[in-house]
Structure formats: structure tokens, C-alpha cells
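**Student:** Questions regarding the structure given below will be posed in turn.
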Amino acid sequence: IDFIDSRKSFLDAVVISGGEPTLAKEIYDFCKTVKKTGFKVKLDTNGSQPDVIKNLIKDNLVDYIAMDIKTDPFCYTSYIAPDIDGKIIIESINIIMDSGIEHEFRTTCVKPFIDIKIIKNILNRIKGADLYALQQFRNTKVLDPDFFYRQNRIFIKDELSEFKVMAEKRVKKCIIR
């Protein structure tokens, strides 16, 4: 806090990211302390802890939320982690969408986690969102490099542009990063 406080003259916000910051027991008190110093708070989350997100929003401890949507929520058990119920991802999306605070959703586009059908399913969940960012995957320092050498997993620019055109009809703004 002393470090951030010493930067007041040229910073106006603090980004809380991770790993997954909503797993930290101290996040609530930390956000409260950061807000007391006069900074805005942006939370980067994977949406796995909807109750934490809801409480941070309810107590006005976050000003902006960016949530990663890694695939169709009902594909998380197959692609992301066997113990993640897609319903909690959907719950987090709904909490953020209903919150009235500025937000964005992001998807890093990697085959087979993402395809046109999955993008359509995600867009149905985030219809009306402030911002949807389609992120180009960067194949650097990955946990399983062989995953990318067995077959092409990366979307080309034209494919991302096709997703963007679809998204622009469903969300307020869509960008490719």
C-alpha cells in the first residue's frame, strides 16, 4: 500500500490480477484499503468465485472487471479443469453483466477450446456486454509445448475477424488483441 500510495501523483488505478486473485482471502480487505487511498480498482478474474465477485461489487470495492471466458462454460470440465462447473462461470458472467459497472470479457482464441459454435455460445451469454476482446494466442512459455506442435492450434487473423464481425452484433464493442 505504501508503494502504491507513493505513486498517487501519476497513477489513478490499481489492477488486481493473478493467478486468480479472488482465491486470496485478503482480497476484500486489500480492495477496501486500496479504495481508501483514492485509487480505482480493476479486477482481472477467471470467474471461478462468483460470491467473491458479487461481494466486491456489492460493497463498491471494484470499479472495473475483466473476466476471461476460456471456452463455452459447459466445456470447462472437458477443456479447462474437471472440477469447474460451467454454472459458476455463467453465474459470474451474470453478476458482472447485471452489476452496472464497467466490464469486459476476454477470450484467448486457441483451437479446440474455441470454434465458431463456442464463440456463438459465449456471445449469447454476454449479449450487451461493454467490451469483448478476442485475444490472439501467443505460443511462448506454455506448460505443454507439444500440444501446439501436434496440430495447428492458432487462429489466423481472418478467422478472428470473422468472430469479431459476429461479436459486433451482440456486444457494445469488440476488439482483437
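The values are calculated or read from the model by the stated rules, or taken from the named source; none is laboratory data. All values derive from a computational prediction rather than experimental measurement. Don't worry about glycine lacking a Cβ; one is built from the backbone with ideal geometry, like all the others, and counts go over all protein chains shown. With ligands, DNA and RNA removed, areas are computed over all heavy atoms of the protein, side chains included. Shrake-Rupley method; radii C 1.70, N 1.55, O 1.52, S 1.80 Å.
Yes or no, residue by residue, for (1) of a type outside the set (S, T, N, Q); (2) within 16 Å of the chain's Cα centre (by Cα); (3) in a loop (DSSP other than H, G, I, E, B); (4) within 21 Å of V14 (Cβ to Cβ):
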| residue | (1), (2), (3), (4) |
| --- | --- |
| K54 | yes, yes, no, yes |
| A66 | yes, yes, no, yes |
| K70 | yes, yes, yes, no |
| C75 | yes, no, no, no |
| I90 | yes, yes, no, no |
| D98 | yes, yes, no, no |
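**Student:** Additional query: Given the conditions (1) open to solvent by less than 40 Å² (accessible area, probe 1.4 Å); (2) basic (K, R); (3) at pLDDT 85 or above, report the number of the one that R153 does not fulfil.
**Tutor:** Against the list (1) open to solvent by less than 40 Å² (accessible area, probe 1.4 Å); (2) basic (K, R); (3) at pLDDT 85 or above, R153 comes up short only on (3).
**Student:** Take the residues in region 9-29 that are under 16 Å from T45 (Cα atoms), hydrophobic (A, V, I, L, M, F, W, C) and out of contact with any Leu (no Cβ under 9 Å at 6 or more places or on another chain), then tell me which one is surrounded by the most Cβ atoms within 10 Å (Cβ to Cβ).
**Tutor:** V14
**Student:** Please specify each residue of region 40-60 satisfying the condition of being over 26 Å from D83 (Cβ atoms) and surrounded by fewer than 20 Cβ atoms within 10 Å (Cβ to Cβ).
**Tutor:** K40, K42, K58, D59, N60
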